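Shown next, in structure tokens, is the structure this report addresses.
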Amino acid sequence: GTCFANKIRPVVKQILTHNSKNSTTNTLKEIFEECDIISLHIPMSPSNHHFISSDSIAQMKRRPILINVSRGELIDTKALVQALKNGQISYAVLDVIEDEPNIDEELMKFDNVLITPHAAWYTEESKRDLRIKAMEEVLRVLRGETPIYLIPT
């Protein structure tokens, strides 16, 4: 999320962030009510399945752009389709979808939906960095330390 925020900073007036483990960030209520662009950069866990649902969409400022580059299961596809139909969401950019590789037929019909393959990270540099970070995490565990990239279950 930090990388995305840094890249978009020159073209937006204000950036709000939320991290459930960090009390200095904004609340989800603030994010949903104030943001014109909502971009998801979170790991998938049982506690955030359908993080974007009909309930969370109802809390959102009217017509935000919704971006998901994390995990498809974070967004309830049926709720997203309904929000696109009724104009609650103005645009959806999805690098991942809920039922990959199957794409919801109704979702494909919208002109205001962009679906890309989840391959933007796939460069030689990214593959090298991934291997290095994985080995660093293994070494942390072997030393009895807590991994930095621990995903809650």
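Read-outs throughout are calculated quantities, based only on the coordinates presented, and are distinct from any laboratory measurement. Computed from a prediction, not measured in an experiment: that's the story for all the values here. Cβ sites come from the backbone with ideal geometry, for glycine too, and all protein chains shown count toward neighbours.
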Neighbours of K13 by Cβ distance under 12 Å: Lys/Arg at +1, Asp/Glu at -1, summed charge -1
For the stretch 19-27, take each phi angle, set θ = phi - 60°, evaluate the Karplus expression 6.51 cos²θ - 1.76 cosθ + 1.60, and give the result in whole Hz per residue in order, putting x for glycine and proline. 9, 4, 9, 10, 6, 8, 8, 6, 7
V93's amide H: which non-local residues (gap 5+, or another chain) put their own amide H closer than 5 Å, with H modeled 1.01 Å from N in plane and none for Pro or chain starts? L66, I67, N68, L114
Amide H of I37: which non-local residues (sequence gap of 5 or more, or other chain) have their own amide H closer than 5 Å, using H built in the peptide plane? I65
Backbone HN-Hα couplings from phi across the stretch 102-119 [Karplus 6.51/-1.76/1.60, Hz, Gly and Pro as x]: 6, 9, 4, 4, 5, 4, 5, 7, 7, 6, 9, 10, 10, 10, 10, x, 6, 9
Percentage relative contact order, the chain, counting C-alpha pairs under 8 Å, at least six apart: 17
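If packing is taken as the average number of other Cβ atoms within 10 Å across a peptide's residues, how do 75-81, 40-46 rank, most packed first? It would help to have the intermediate numbers written out before the result.
Working: 75-81: 20.7, 40-46: 14.3.
Per-residue Cβ counts within 10 Å, averaged per peptide and sorted highest first, yield 75-81, 40-46.
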Value of [θ]222 nm, deg cm²/dmol, for the chain, DSSP H segments ≥ 4, -39500 (n - 2.57) each, nearest 500: -9500 deg cm²/dmol
Loop-resident chymotrypsin sites (Phe, Trp or Tyr not before Pro) in the stretch 84-150 with no more than 12 other Cβ atoms inside 10 Å, DSSP not H/G/I/E/B, are W121, Y122, Y149
Starting from the amide H of I52, placed 1.01 Å from N in the peptide plane, find each other amide H under 5 Å away whose residue is 5 or more places distant or on another chain. I75, D76
Starting at 0 and stepping by 10 Å, how many percent of the alpha carbon pairs of the chain end up in each bin? 10, 35, 35, 16, 4, 0
